[in-house]
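Input: a single structure, listed below in C-alpha cells.
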Amino acid sequence: MTPALLAIIGGSGLYDLPGLVDTRWETVETPWGAPSDQIFRGRLQHAGGSAELAFLPRHGRGHRIPPSEVNYRANIAALKMLGATDVLSLSAVGGLRADLPPGSFVIVDQFIDRTHARAKSFFGTGLVAHVSLADPVCARLGRHVQAALQQQGVPHVRGGCYLAIEGPQFNTRAESELYRSWNCSVIGMTNMPEARLAREAELCYASVGMVTDFDCWHPAHDAVTVDAIIQVLLANASAARTLVAGLAGPISADAAGPACGCRTALQHALITAPEARDPAQVARLRCIAARVLGPEAPAP
C-alpha cells in the first residue's frame, strides 16, 4: 500500500512546524511548466510515529504571483508527481455571512467558479475527459480537518460555499450582495481551478477558508483597519500551522484512504477512444493519469 503523503497548499510560512525534520526544498518540472515554487518536504514527528509532509507556497515565497497567474496545473501535477495522496488547501478569504467573523475557519464543501482567465483542465483536444464535481471536496479528509479544529478549539463551521473570483481586485458592493443572495459563505481568488484539477489528478482535496475580514457588504467594513486585518492574518496562520500538525498523524494512519472514491475519479471519465488518442497528449497526461492510461509502451 502506498503510504499517505499530505500536501499543503498555502502561505509560505506554513512549514515552520516544531518537530519537522529531514527538511529540504525539491524542484519539480511538470509537462505544464514549473509550479509556483520549489516544494518543501519534511517528516513530522507525532505521537504515533512520523508522517511525510509537502508544502507548496501557492503564490511563491514572498507572494510573487497574483491569483490569475498561478500555474494551477503545474502545482497540482507537481504534487501528484511527488506522490501526494491528500491535499489540504489553506487560503485567506472574505466572509459573506454575519456568523463568520474574522478568525473563523470554514471547511468548504462547495464552489461557485466566477474565474474566466485560467486553464481549468489537464485534458483537451486529443484526449477528452469529464470528471464529476458534484461533491468537489473529499468528505473523508474534511472529517479529519473538522476533528483537528475541534480538538484545537478553533472557531469553524463544516460546510460552506466558496465563491471564486478572478481578481486581483476585490469585488464591488453590488457583487458582494449578489453573492450573499446565492448563499455563499466566503469569497476568494485561489481555490478554482485548483479543486477541479485535484479531482482530475485523483487526489483527495480539502479546502479551508480562513476568514480575515467581512467582505465589503458589511456596514462596518470601512472601519476595518490594516492593523486589525494583519492581527487576524497572524492568528489564522498560527492556527493553520497547528491544524497541519494535528492532521499529520490521522492522515498517515487512515486505512480508509486508499479506498477513497477521489482516488478513482478518472475511472469512467476518459471519453476519447483509445485508438483516437493523441500519443503526445497521452504522454503528457501520464504523470497524473497513469492509473487509467495504462503502462507506457516500451521503446522500439
Subject >> Residues within segment 59-92 that are closer than 21 Å to residue 244 by Cα, out of contact with any Leu (no Cβ under 9 Å at 6 or more places or on another chain) and among the charged types (D, E, K, R), tallied >> reply: 1
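Taking residue 89 as the residue in question, decide whether it is at pLDDT 95 or above and under 21 Å from residue 148 (Cβ atoms).
Working: at pLDDT 95 or above: yes; under 21 Å from residue 148 (Cβ atoms): yes.
Yes: the conditions hold for residue 89.
Quick grid of which residues meet (1) at pLDDT below 95; (2) loosely packed, with under 12 Cβ neighbours inside 10 Å; (3) on the phi > 0 side of the Ramachandran plot; (4) of a type in the set (Gly, Ala, Ser):
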{"residue": "225", "(1), (2), (3), (4)": "yes, yes, no, no"}
{"residue": "241", "(1), (2), (3), (4)": "yes, no, no, no"}
{"residue": "273", "(1), (2), (3), (4)": "no, yes, no, yes"}
{"residue": "279", "(1), (2), (3), (4)": "no, yes, no, no"}
Original post:
Could you say whether any residue in segment 78-93 is surrounded by fewer than 22 Cβ atoms within 10 Å (Cβ to Cβ) and closer than 24 Å to residue 169 by Cβ?
Top reply: yes
Subject >> Matching entry among 142, 124 (being surrounded by fewer than 19 Cβ atoms within 10 Å (Cβ to Cβ) and out of contact with any His (no Cβ under 7 Å at 6 or more places or on another chain)) >> reply: 124
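Restricting to segment 93-124, and then to whatever is charged (D, E, K, R) and in contact with a Leu (Cβ under 9 Å, 6 or more places away or on another chain), can you tell me which residue is farthest from residue 154 (Cα to Cα)?
The initial filter retains those residues of segment 93-124 that are charged (D, E, K, R), namely 97, 99, 109, 113-114, 118, 120.
Narrowing the set further to residues that are in contact with a Leu (Cβ under 9 Å, 6 or more places away or on another chain) leaves 113-114, 120.
Details: 113: 27, 114: 29, 120: 33 Å.
The qualifying residue farthest from residue 154 (Cα to Cα) is 120.
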**OP:** Six or more apart or on different chains, Cβ under 6 Å: which pairs go from a residue in segment 195-217 that's in a loop (DSSP other than H, G, I, E, B) to one that's crowded, with 24+ Cβ neighbours inside 10 Å? Could you list them?
**Re:** 201/76; 201/80; 201/288; 203/87; 215/94; 215/96; 215/187
**OP:** Return yes or no: is residue 119 surrounded by fewer than 18 Cβ atoms within 10 Å (Cβ to Cβ) and either free of Cβ contacts under 8 Å to residues at least 60 places away in the same chain or of a type in the set (Val, Ile, Thr) (or both)?
**Re:** no
**OP:** Spot the failing condition for residue 22; the list is (1) loosely packed, with under 14 Cβ neighbours inside 10 Å; (2) in contact with a strand residue (DSSP E or B) (Cβ under 7 Å, 6 or more places away or on another chain); (3) within 18 Å of residue 250 (Cβ to Cβ), and only one is missed.
**Re:** (3)
**OP:** Filter segment 31-47 down to the residues that are part of a loop (DSSP other than H, G, I, E, B) and touching a Leu at 6+ places or on another chain (Cβ under 9 Å), then identify the one that is nearest to residue 169 (Cα to Cα).
**Re:** 36
Original post:
How many residues are more than 22 Å from residue 140 (Cα to Cα), of a type in the set (A, V, I, L, M, F, W, C) and part of a strand (DSSP E or B) if we restrict to segment 64-108?
Top reply: 2
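From the list 130, 116, 144, pick out the single residue that is under 25 Å from residue 287 (Cβ atoms), modelled with pLDDT of 95 or more and out of contact with any strand residue (DSSP E or B) (no Cβ under 7 Å at 6 or more places or on another chain).
Working: 116 fails: under 25 Å from residue 287 (Cβ atoms); 144 fails: under 25 Å from residue 287 (Cβ atoms).
That would be 130, the only listed residue that is under 25 Å from residue 287 (Cβ atoms), modelled with pLDDT of 95 or more and out of contact with any strand residue (DSSP E or B) (no Cβ under 7 Å at 6 or more places or on another chain).
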Original post:
With respect to the numbered conditions (1) under 24 Å from residue 287 (Cβ atoms); (2) part of a strand (DSSP E or B); (3) at pLDDT below 95; (4) of a type in the set (Ser, Thr, Tyr), which one is the sole condition not fulfilled by residue 50?
Top reply: (1)
**OP:** Residues being surrounded by fewer than 21 Cβ atoms within 10 Å (Cβ to Cβ) and modelled with pLDDT of 95 or more: count how many of those fall in segment 6-19.
**Re:** 0
**OP:** State the number of residues belonging to segment 161-185 that are in contact with a Cys (Cβ under 8 Å, 6 or more places away or on another chain) and modelled with pLDDT of 95 or more.
**Re:** 7
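Among the candidates 175, 166, 202, which residue alone is of a type in the set (D, E, K, R) and at positive phi?
Criteria check complete, one pass: 202.
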**OP:** Mind counting the residues in segment 211-270 that are under 18 Å from residue 6 (Cβ atoms) and in contact with an Asp or Glu (Cβ under 8 Å, 6 or more places away or on another chain)?
**Re:** 6
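The values are calculated or read from the model by the stated rules, or taken from the named source; none is laboratory data. Not measured: the values here are computed from a predicted model. Note that each Cβ is placed from the backbone with ideal geometry, even for glycine, and that neighbours are counted across all protein chains shown.
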